[in-house]
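Bear in mind these aren't lab numbers, they're just calculated from the coordinates by the rules spelled out. Keep in mind it's a predicted model, so treat the numbers as computed, not measured. Positions of Cβ are generated from backbone atoms using ideal geometry, with glycine treated the same way; all protein chains shown enter the neighbour counts.
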Amino acid sequence: LDKHSPDLGKPRYVRINTLKIDTESVIQEFGKITMVRKDDMVPDMLVLPAGIDLHDHPLVVNGSVFLQGKASSMVALALSPEPGWKVLDACAAPGNKTVHLAALMKGKGNVIACELHEHRVKTLDNTIRRSGAPNVDIIRGDFLDINPGDPLFAKVHAILLDPSCSGSGISVERLDHLLPSHSAGNGIDIANSRRINKLAAFQRKALEHALSFPLVERVVYSTCSIHQEENEDVVKSVLPLAASLGFELASPFPQWHHRGLPLFEGSEHLLRTDPADNLEGFFIALFVRKHLPDGNFH
Ligand code: SAM
């Protein structure tokens, strides 16, 4: 971390890879070098002092522990896949959430990890190897090109959609909007808002595609953006389609205080995290299918 990074003041969260090790053993190991406690909400998540560098720690290197933040770890938990399910991770690299899904499924069933970019597929493959997950298959290609009617995907139970986004929740950009040089009408603002609109158009398309899988019961849409355009606006734009397909918004982590911006009925189901929570800026929406379009229930 850069010493000027605002992240330096935040606690270091780490996720335990339960495919390889149990929480108590990790607490014992980390307890030898620093103070450590369990997170009070997210299972298999430890909280360590700010600024601690664990990149070279043997438990990190061998994939027993992932340096994955708390907000990021809430995404796969929101989907809560069951062992034995078929789950699609639509935009998967570098694969932190892919291997979290595999761990939640106790290595049983199948996670299909789809990634568009070849160079990122390599990173995804490394993450999966390091995690020891036995139940992940990689598909290199465009999620939008996957045919939901293809027998390989027709029985997908759950989809995690964490598409490319502005990253405004995790980079210094999250502070940029506070700077005077980014006032309305500024060239950077225009370029940035064009970029965000383009991302939002893709995010909406991808979310509509995820909802169109014939037997999917749960869909999680997440970003590491703080922008309404990529978050509440995307969700709002798909609500009519979602309703016609039998989906409703549900509340991941109902005990979490910080919900979606109050822009439409149901936005209280959405979840936000931000620096005020001592976390990165993330957004999570959970769609749960109540009935199939033909009126039949799952
Ligand atoms: N979920 C990942 C994790 O937790 O490690 C992070 C995913 S990252 C935000 C988005 C990923 O989606 C990028 O690796 C990007 O290359 C990939 N991507 C972008 N467009 C895609 C598409 N149309 N189909 C599949 N993957 C895509």
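Using only Cα coordinates, the Kirkwood hydrodynamic radius of the range 229-280 works out to 11.9 Å. For the chain, a simple Cβ point-charge model (Lys and Arg +1, Asp and Glu -1, everything else neutral) yields a dipole of about 420 debye relative to the Cα centre. Here the range 66-133 is treated as an ellipsoid with the same Cα gyration tensor; its semi-axes, largest first and in whole Å, are 17, 14, 11.
Computed from backbone phi, the HN-Hα couplings of the range 41-49 come to 10, 8, x, 6, 10, 10, 10, 10, x Hz, rounded to whole numbers (Karplus: 6.51 cos²θ - 1.76 cosθ + 1.60, θ = phi - 60°; Gly and Pro given as x).
Peptides 91-98, 254-261, 10-17 ranked from most to least packed, by the mean per-residue count of other Cβ atoms within 10 Å: 91-98, 10-17, 254-261. When the scattering of the range 71-289 is computed by the Debye formula from its Cα atoms alone, each counted once and equally, what is log10 I(q)/I(0) at q = 0.08, 0.16 Å⁻¹? Calculated log10 I(q)/I(0) at the listed q: -0.27, -1.10. Treating each Cα of the range 6-67 as one equal point scatterer and applying the Debye formula with no solvent, the log10 of I(q)/I(0) at q = 0.18, 0.24, 0.26 Å⁻¹ comes out as -0.57, -1.04, -1.22. The GluC sites (Glu not before Pro) of the range 197-298 that meet both conditions, a loop assignment by DSSP and at most 11 other Cβ atoms within 10 Å of the site Cβ, are GLU265.
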